[in-house]
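The structure appears right after this line, and notes come after that.
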Amino acid sequence: MHHCNVLVLGGTGFVGSHLVAQLVAQGRHVIVPTRRAIRARHLAVLPTVEIVETDIHQEQALARLMGRTDAVINLVGILHSRPVNGGAASYGPDFARAHVELPIRIVAACGVAGVKRSLHMSALGTDRNAPSMYLRSKAAGEDAALSHPAVATTVFRPSVVFGEDDAFLNMFAAMQRWFPVIPLGGADARFQPIYVEDVAQAFVNALDNQHTVGKVYELGGPEVFTLRELVQLAGRASGHPRPVIGLPPALARLQALVLEFAPGGPVMSRDNLDSMKADNVTRGPISPELGVTPQALEAIAARYLGEAGARSRFDQYRVRAKR
């Protein structure tokens, strides 16, 4: 079945913006809800995009959106949450709201409206017994997304996603423009970064492919890096390489605690540090069903981190990190 009308939740974000553009390029009508329309102004110029100012956490608003689409893509995700506050869940209330309660509402609304196709963004390393609240909440969100028998759902688990407007390599490049030395917690954690356009392509290729229904796909790039190597790469590409000093666990945790209270929102948290206890690496290549050949990081990163296009994004990063 070809899905002509696609609802993209989280469509104004980093991955969402690239995905919406690819859906528009195929001639699909794309509905992008947002609480503030100004956040979607970069998408409003695309010819088949409809921006709807609403709150998707309200059941009635979600129901109205579902009544106008034949497929939904959920990209909503946050990186930080208040800690567990005594409830039965093993993750904080903000993670519960964004990663668990919203997917429950989405599949319920799909069932009522007769929307039979759903794609769901999770995260690599997701597990009910994972070391961080973030990863445990993502596992519960996957269970919710796959729970409705009448909704054909596909789940994606990407490693860290890079690209021109990412909040990852850009942050490390900006830090090295300002600081002479980079003290780094979790320096030996391993990642398999994947290009944002490849992630978007995986979603687009799966949308009409019935062979992907009910499956969970890991998405990673062609190379594995330690966090130290990624920070060093960002420094070289931006023209400001600095010494990177790996911190022992106690100091790394103290650093993360301090960064939780950075102006403008957390830059890093103790929970982020906990997530890095598990390698963020796929168990194999991307499934051929998705038709994606992942692109290497270094050449792409050099283009957008290099001096020709260099601009400090540290403040923008901290604003985006609040999402």
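The values are calculated or read from the model by the stated rules, or taken from the named source; none is laboratory data. What you see is a predicted model; the values in this text were computed from it and never measured. Methodologically, a virtual Cβ is constructed for each residue, glycine included, from the backbone with ideal geometry; neighbour enumeration extends over all protein chains shown.
Write out, first by first residue and then by second, each pair whose Cβ atoms fall under 9 Å of each other, whose residues are 6+ apart or on separate chains, and whose first residue, in segment 113-126, is in a helix (DSSP H, G or I) while the second is among the β-branched types (V, I, T) and surrounded by fewer than 23 Cβ atoms within 10 Å (Cβ to Cβ).
Qualifying pairs under 9 Å: A113/T69.
Of the conditions (1) more than 14 Å from the chain's Cα centre (by Cα); (2) in a helix (DSSP H, G or I), A150 clears all except one; give me its number.
(2)
Out of the residues in segment 1-22 that are among the small types (G, A, S) and part of a helix (DSSP H, G or I), state the one that is surrounded by the fewest Cβ atoms within 10 Å (Cβ to Cβ).
It comes out as A21.
Are any residues in segment 233-259 in contact with a strand residue (DSSP E or B) (Cβ under 9 Å, 6 or more places away or on another chain) and assigned to a helix (DSSP H, G or I), and if so, which ones?
Result: L233, G235, L251, A252, Q255.
Can G214 be described as over 21 Å from Q295 (Cα atoms) and not assigned by TED's automatic domain parsing to the domain that holds A25?
no
Given the residues R117, R190, R157, R177, which is the only one that is surrounded by fewer than 23 Cβ atoms within 10 Å (Cβ to Cβ) and at pLDDT below 95?
Being surrounded by fewer than 23 Cβ atoms within 10 Å (Cβ to Cβ) and at pLDDT below 95 holds for just one of R117, R190, R157, R177, which is R177.
Name the one entry in V76, V100, V84, V107 that is touching a residue at least 60 places away in the same chain (Cβ under 8 Å) and either under 26 Å from H18 (Cα atoms) or outside any helix (DSSP H, G or I) (or both).
Checking each option against the conditions leaves just V76.
Surrounded by fewer than 16 Cβ atoms within 10 Å (Cβ to Cβ) and modelled with pLDDT of 95 or more: which single residue out of R82, R97, R28 fits that description?
Unique residue meeting the criteria: R97.
Residues G214, G264, G221: which one is touching a residue at least 60 places away in the same chain (Cβ under 8 Å), on the phi > 0 side of the Ramachandran plot and assigned to a loop (DSSP other than H, G, I, E, B)?
Checking each option against the conditions leaves just G214.
Yes/no per residue for (1) closer than 19 Å to G10 by Cβ; (2) touching a Gly at 6+ places or on another chain (Cβ under 7 Å); (3) surrounded by 21 or more Cβ atoms within 10 Å (Cβ to Cβ):
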position: H57; (1), (2), (3): yes, no, no
position: R64; (1), (2), (3): yes, no, no
position: D70; (1), (2), (3): yes, no, no
position: L75; (1), (2), (3): yes, yes, yes
position: L102; (1), (2), (3): yes, no, yes
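Against the conditions (1) surrounded by 19 or more Cβ atoms within 10 Å (Cβ to Cβ); (2) in contact with a Leu (Cβ under 9 Å, 6 or more places away or on another chain), where does G239 fall short? Just the number, please.
(1)
Hey, can you tell me all the residues within segment 124-141 that are buried (at least 23 other Cβ atoms within 10 Å of the Cβ) and either aromatic (F, W, Y) or over 13 Å from D274 (Cα atoms) (or both)?
Of everything in segment 124-141, those that are buried (at least 23 other Cβ atoms within 10 Å of the Cβ) and either aromatic (F, W, Y) or over 13 Å from D274 (Cα atoms) (or both) turn out to be L124, Y134, S137, K138, G141.
Does V84 fit the bill of being more than 20 Å from the chain's Cα centre (by Cα) and within 25 Å of V160 (Cα to Cα)?
Yes; evaluated as a whole, the condition is true for this residue.
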